[in-house]
1. Taking the stated definitions as given, is Leu92 outside any strand (DSSP E or B), without any contact (Cβ under 8 Å) to a residue 60 or more places away in the chain, within 16 Å of the ligand (Cβ to nearest atom) and among the aliphatic types (A, V, I, L, M)?
2. Looking at Arg38, Arg78, Arg9, which one is of a type in the set (D, E, K, R) and buried (at least 20 other Cβ atoms within 10 Å of the Cβ)?
3. Quick one: which of Gln17, Gln26, Gln84 is polar (S, T, N, Q) and exposed (fewer than 14 other Cβ atoms within 10 Å of the Cβ)?
4. From the set of residues in region 122-142 that are without any contact (Cβ under 8 Å) to a residue 12 or more places away in the chain and farther than 24 Å from Glu159 by Cα, which is surrounded by the fewest Cβ atoms within 10 Å (Cβ to Cβ)?
5. If we only count strands (runs of 3 or more DSSP E) wholly inside region 11-78, which ones have 2 or more residues that are near the ligand (Cβ under 9 Å from one of its atoms)?
6. Restricting to region 168-200, name every residue that is outside any helix (DSSP H, G or I) and within 16 Å of the ligand (Cβ to nearest atom).
Amino acid sequence: MTAVIQMSRVSKHFASQQVLCNLDWQVDAGQVVGLLGRNGAGKSTLIECMLGLRETDAGSVTIYGEDVANLSEQVRARIGYVPQKSEVFEWLTPAQMLDYFKALYPRWNDAKVKALLARWGFDPAMCNKQISKLSGGEKQRLSIIRALGHDPDLLILDEPVSALDPLGRRDFLRELVDNVIERGTTVVFSTHILSDLERVALDVAFLKDGQIALQGDMDSLLEGARRVTGPSAVLDGVKLAGELRRQKGRDGCTSVIVSEHGEVEALAAREPAMRVEALSLEDLFIEVTQ
Ligand SMILES: Nc1ncnc2c1ncn2[C@@H]1O[C@H](COP(=O)(O)OP(=O)(O)OP(=O)(O)O)[C@@H](O)[C@H]1O
């Protein structure tokens with residue numbers, strides 16, 4: 001597979017806070033990845049460093065093989081980005097802003113933009129209203145339309161649905177699945193809404209302590225992940241394959257989260273006191289990121 005995004009040993013700090021720490025990450029062509037992490041884990045910082053919008057302290061980032069600090073116009077034109085919150089272009093109207101971007105990109109899908117504007121409630125009055133006067137959700141929809149207008153090959157979305165109502169969210173996800181992912185677009189998508197991720201993302205990556213702590217395709221991760229709980233006397237002496245987290249309770253029991261179930265199933269077969277449970281994406285999120 002060809003790497004679309006390659007991040008190697010990337011570090012970034014703010015004052016005394018280390019946000020990214022020797023982070024390595026690769027996203028391949030056609031991958032659709034959900035980026036997960038707790039509030040403040042550094043997802044937006046990671047995305048901004050990935051796009052060259054924020055300088056890193058150390059490490060290298062390339063997109064389509066080019067250093068993000070010096071991206072060519074051709075590569076820039078292949079990227080679509082929806083920031084978490086955007087306060088730029090507030091003095092323009094949606095119509096003016098979209099005209100500006102249309103002139104900027106070598107290709108622009110007018111039919112798609114018009115269809116999305118109509119579908120997402122941008123009637124002529126709204127298209128000619130100053131962006132600063134739009135609601136948070138309306139601005140977010142506009143930002144998504146702008147990012148999709150040039151049919152990007154790489155789409156990076158930082159919590160794109162946070163301000164959308166349930167109908168808006170559903171429609172956006174449908175657009176993403178039917179018209180973006182279907183084209184083979186590479187997508188990186190940060191969100192806290194795990195049910196959305198389960199509908200859209202094929203892969204997940206968990207950001208914790210400044211690094212990608214766990215990643216893989218969602219079905220295999222959920223298929224392999226288990227929580228095994230049993231007497232500390234037994235579990236304390238064993239290092240399990242794919243161990244992600246271990247917690248000792250006051251009741252003499254230890255629980256261990258693993259990403260591969262083979263060894264724990266075998267252990268449970270030998271030790272009847274062991275309890276083995278499958279994990280949901282939410283369980284996995286809590287266990288991996290806390
Ligand atoms: N410009 C900045 N100056 C100082 N600290 C910052 C700056 N930007 C981010 N941080 C800090 O870096 C950490 C990571 O922030 P970031 O916005 O990347 O997290 P996040 O995972 O996107 O969070 P959320 O899920 O809440 O959006 C936070 O503790 C934040 O306070």
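1. The answer is no for Leu92.
2. It is Arg78.
3. Matching residue, one of Gln17, Gln26, Gln84: Gln17.
4. So the residue we want is Ala125.
5. Those strands (runs of 3 or more DSSP E) span 17-28.
6. Once the filter is applied, which keeps residues that are outside any helix (DSSP H, G or I) and within 16 Å of the ligand (Cβ to nearest atom), region 168-200 yields Val188, Phe189, Ser190, Thr191, His192, Ile193.
Readers should treat all values here as calculations from the given coordinates under stated rules, not as data from a laboratory. Keep in mind the model is a prediction, meaning the values are calculated, not measured. Cβ sites come from the backbone with ideal geometry, for glycine too, and all protein chains shown count toward neighbours.
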